[in-house]
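So the structure is just underneath, and the comments pick up after that.
What follows is calculated from the coordinates using simple rules that are stated; it is not laboratory data. Bear in mind the structure is a predicted one, so any value in this text is a computation, not a measurement. Methodologically, a virtual Cβ is constructed for each residue, glycine included, from the backbone with ideal geometry; neighbour enumeration extends over all protein chains shown.
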Amino acid sequence: MKVTIYHNPKCSKSRDALRFLRDAGLEPTIVLYLDTGWTAALLHDLKAATGLGWQEMLRPDTRAILQDSINKNEDAVIIQHIINYPAALERPFVVSGKGTRLCRPIQAIFEIVEARPKSPWLTEKGVPVL
């Protein structure tokens, strides 16, 4: 199964998702979006594929900054902000042949990845997932 993770190595949720995939026997394509940046087309695709609104897709601090634009559905303003500040988007996003999910909480990964690591499986903070 081909899997892509939009990964921020500084984020524990993103590290958990990557480790989950690898422990399940998958080697995902890793996109280090803080290095590569986002494109408007990719952001549109992620939003459409997840069915999420900007309120759910943005980090809390960014939601506060862009609340007026979110309320006015000003996609262009929001997208430009994310392009300018790649860390503004929640993480991690995982894409597989079964769909795209914001894997926060990590259990959202179950909807798009059938492979599972051996149980028990814990997050790096010790929270049981399996």
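Which numbered condition in (1) part of a helix (DSSP H, G or I); (2) out of contact with any Cys (no Cβ under 7 Å at 6 or more places or on another chain) is the only one that Ile109 fails?
Answer for Ile109: the failing condition is (2).
Against the conditions (1) in a helix (DSSP H, G or I); (2) under 15 Å from Asn8 (Cα atoms); (3) in contact with a helix residue (DSSP H, G or I) (Cβ under 8 Å, 6 or more places away or on another chain), where does Ile78 fall short? Just the number, please.
(2)
Given the residues Ile70, Ile65, which is the only one that is surrounded by 18 or more Cβ atoms within 10 Å (Cβ to Cβ), aliphatic (A, V, I, L, M) and more than 23 Å from Arg15 (Cα to Cα)? Before you say what the answer is, go through the steps one by one.
Working: Ile65 fails: surrounded by 18 or more Cβ atoms within 10 Å (Cβ to Cβ).
None of the other options fit; the residue is Ile70.
Could you list, in sequence order, all residues of the stretch 85-106 that are of a type outside the set (Lys, Arg), part of a loop (DSSP other than H, G, I, E, B) and under 14 Å from the mean Cα position of the chain (by Cα)? Steps first, answer last, please.
We begin by selecting, within the stretch 85-106, every residue of a type outside the set (Lys, Arg); these are 85-90, 92-97, 99-100, 102-103, 105-106.
The next check asks that each one be part of a loop (DSSP other than H, G, I, E, B); those that pass are 85, 90, 92, 97, 103, 105.
Correct list: Glu90, Pro92, Cys103, Pro105.
Given the criteria closer than 20 Å to Pro9 by Cβ and either part of a helix (DSSP H, G or I) or charged (D, E, K, R) (or both), does Arg116 qualify?
No, not satisfied.
Residue check: is Glu56 of a type in the set (Asp, Glu) and not in a helix (DSSP H, G or I)? Let's see the steps before the verdict.
Details: of a type in the set (Asp, Glu): yes; not in a helix (DSSP H, G or I): no.
Taking the combined requirement at face value, the residue does not satisfy it.
When the stretch 4-43 is examined, which residues are found to be in a helix (DSSP H, G or I) and of a type in the set (Lys, Arg)?
Here is the first cut: in the stretch 4-43, the residues in a helix (DSSP H, G or I) are 12-23, 33-36, 40-43.
Lys13, Arg15, Arg19, Arg22, listed by residue number.
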